[in-house]
Amino acid sequence: MRSALALAAVLCLGATAFWMGTDGLRAFTAEEARRLAVREHPQPVPAIALEDQYGNRFALPDLRGKRVLVEFIYTRCRSICLVLGNTFQQVRARLAETRAGTDVVLLSISFDPRDQNAALAAHAKMYRADPKTWIFARAANPAELPALLHTFGIIAVRTPDGE
């Protein structure tokens, strides 16, 4: 009898923990939980001035009405950043094949306050990015970059080789 009660208690606690850990069986991975949180509790983006590869200034709220896919990059990075850039290039190609792609903008924002417009332009050229659909940008004021990264939940860690 005691064993049955103990088993029932353990199963109940386990089921409760599983329910809570999966947001009511709606998210089974950390990424699903993040997407669910963004969907249910969207955070306003800061109106931090960004500067694109041509020196044009804008802020994220200026892109209102479009779907914006954001990635953070280092133009000097020669490892994972190249993979991410190739992935964005593939996403752009797929979106171009659909009607849904007409209101989508890809936005690659540099983490590196040393990046200037020429580095962003070279990066854009490397991926054959159409500036109407893929913008490479940096924080116009590097002191505002931490607030932007915080908004997106980004933590940048420099590797021993400087990337």
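The values are calculated or read from the model by the stated rules, or taken from the named source; none is laboratory data. Please read these numbers as outputs of a predicted model, since none were measured by experiment. Cβ placement follows ideal geometry from the backbone for every residue including glycine, while neighbour counts extend to all protein chains displayed. Note: accessible area is taken over every heavy atom of the protein model, side chains too, but ligands, DNA and RNA are not part of it. Shrake-Rupley method; radii C 1.70, N 1.55, O 1.52, S 1.80 Å.
Points to keep in mind about this one:
- Mean sequence separation of contacting Cα pairs (under 8 Å, at least six apart), scaled by the length of the chain, corresponds to a relative contact order of 25 percent.
- Sorting Ile155, Ile48 by accessible area puts them as Ile155, Ile48; the probe is 1.4 Å, largest comes first, and only protein heavy atoms count.
- Surface accessible to a 1.4 Å probe, Met20 within the full protein complex, Å²: 140 Å²
- For the set Thr29, Thr133, the ranking by accessible area, highest first and with no ligand, DNA or RNA atoms included, is Thr29, Thr133 under a 1.4 Å probe.
- Using the Cβ-Cβ distance between Ala118 and Lys66 with R0 = 22 Å, the FRET efficiency computed as 1/(1 + (r/R0)^6) comes to roughly 0.25.
- Taking all protein chains together, His123, His41, His150 sort by accessible area into His150, His41, His123, largest first [probe 1.4 Å].
- Taking the chain, the Cys residues with no second Cys beta-carbon under 4.7 angstrom are Cys12.
- With contacts taken as Cα pairs under 8 Å at a separation of at least 6 residues, region 99-163 carries a relative contact order of 38 percent.
- Using just its DSSP H runs of length 4 or more, each adding -39500 (n - 2.57), the chain gives a mean residue ellipticity at 222 nm of -12500 deg cm²/dmol after division by all residues.
- Mean-position separation - Cα centroids, region 142-163 and region 61-104, in angstrom: 19 Å
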